[in-house]
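Undergrad: Take this structure first; my questions come after.
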Amino acid sequence: MVTLRAQRTADVPGSVALARRSWKDVEEAVDQARGSPLDRLVAPSWDDHHEAVILGACRSPASSVAVAEDDGEVEVIAVHPVARGRG
C-alpha cells in the first residue's frame, strides 16, 4: 500500500540516492550521445546534479516535498515547475 506523508530530514539522503539510481539509464544515453568524456570537465557529474536538485527542492520555501512510501520504500516523483501548485 502506498502512503503519502510530508518529507522528513532523514528522507533526504535516501531521496538523493533514489534520484541517482532512477536516472542512470537516461544519463548513460545522454553521455553516449554527447560523445567526449571531456564534457565532465565543464559539466557537473550526474550525481552532483541530482544532489543539487533534491537539496534545492528540499530547502526552497516555494517547494512542497512529499514522500510516497510503498511498503516502507520511498519513491521519487518530480513535478515540472510550470505545473506546480495546481493540486
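Undergrad: Just the residues that are under 14 Å from ALA66 (Cα atoms) and either loosely packed, with under 10 Cβ neighbours inside 10 Å or not aliphatic (A, V, I, L, M) (or both), please, taken from region 5-25.
TA: ARG5, ALA6, GLN7, ARG8, THR9, ALA10, ASP11, GLY14, SER15
Undergrad: Moving on to the next point. Looking only at residues that are in a helix (DSSP H, G or I), among the polar types (S, T, N, Q) and in contact with a helix residue (DSSP H, G or I) (Cβ under 9 Å, 6 or more places away or on another chain) in region 1-47, which one is modelled with the lowest pLDDT?
TA: Among residues in region 1-47 that are in a helix (DSSP H, G or I), among the polar types (S, T, N, Q) and in contact with a helix residue (DSSP H, G or I) (Cβ under 9 Å, 6 or more places away or on another chain), the one modelled with the lowest pLDDT is SER22.
Undergrad: Please specify each residue of region 48-64 satisfying the condition of being at pLDDT below 85 and closer than 16 Å to ALA17 by Cα.
TA: HIS49, HIS50
The values are calculated or read from the model by the stated rules, or taken from the named source; none is laboratory data. None of the values given here were measured: they were computed from a predicted structure. Here Cβ is always computed from backbone atoms with ideal geometry, including for glycine, and neighbour counts include all displayed protein chains.
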